[in-house]
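The next block holds one structure in the form of structure tokens; read it before the comments.
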Amino acid sequence: MIYPQTQNLTISPKPTWLLFFILFFFTSTIAHHTGLTIETLAKIEKKYGMLAKARAVTLDELIHSNLTVNEATKLNLVNDFFNGARFANDIDVWNKKDYWATPIEFIGRDAGDCEDFSIAKYYALKLMGVDTSKLRITYVKALKLNQAHMVLAYYPSPSSDPLILDNLNLRIRPATERNDLRPVYSFNADDLWLSRSRNEELKAGSPKQLKLWQDMQRRMNLEYK
């Protein structure tokens, strides 16, 4: 949806492809005791190739090795992992003007736009045990670029200043420090909110109203059959 720019970049080193392969070959049985099944990994490899399967195994290990760490650590691990993917427009990746990829599709292509980054981070944190009431996929306007954008917001408490997980500014920062973003609406699996101002939101229904979200969830269900 929006082209990335390098602003205030502070990011931990990303795993190299060599490390991906090492992790893959030395954790080839990981699906036996964590989230991904052997069958799901086989589907990923068949559709997207061995590198995609290695990425999926690495993410699976990251999730299930850090279930008991504090939530700040979980946010940083997930944000850093997915921000290592390549930004690309939907038309280039999926040959569609607007497409919300499932996390597996995003991992498979290792490329996507801001919606794909935000959705993948949402589901990874959910799998790590973060309560989804603390998470909101948030549609914003990136003021400096004058374009629509999407980020993931994390609320430590319902009334707190959310932390913003972004694929443009790679540092996790409070919303009050992101004056370059103006919220429009946000949602999670249960609710939908409209932003009346930067600090005021109005509950406006459920994500069932979002056709792209419903279509993405339908494809997610098919991936695990």
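Numbers at a glance
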quantity: Output for the range 172-190, where each listed residue is among the charged types (D, E, K, R), at pLDDT 95 or above and closer than 22 Å to Asp131 by Cα; calculated: Arg173
quantity: Check on Lys134, loosely packed, with under 13 Cβ neighbours inside 10 Å and over 14 Å from the mean Cα position of the chain (by Cα); calculated: no
quantity: Subset of the range 164-184 [under 20 Å from Ser197 (Cβ atoms) and touching a Pro at 6+ places or on another chain (Cβ under 6 Å)]; calculated: Ala175
quantity: Within the range 145-165, tally of residues that are in a loop (DSSP other than H, G, I, E, B) and free of Cβ contacts under 8 Å to residues at least 40 places away in the same chain; calculated: 8
quantity: The listed residue being among the acidic types (Asp, Glu), at pLDDT 90 or above and under 28 Å from Asp166 (Cβ atoms), out of Glu45, Glu39, Glu61; calculated: Glu61
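The values are calculated or read from the model by the stated rules, or taken from the named source; none is laboratory data. Source: prediction; values computed, not measured. Positions of Cβ are generated from backbone atoms using ideal geometry, with glycine treated the same way; all protein chains shown enter the neighbour counts.
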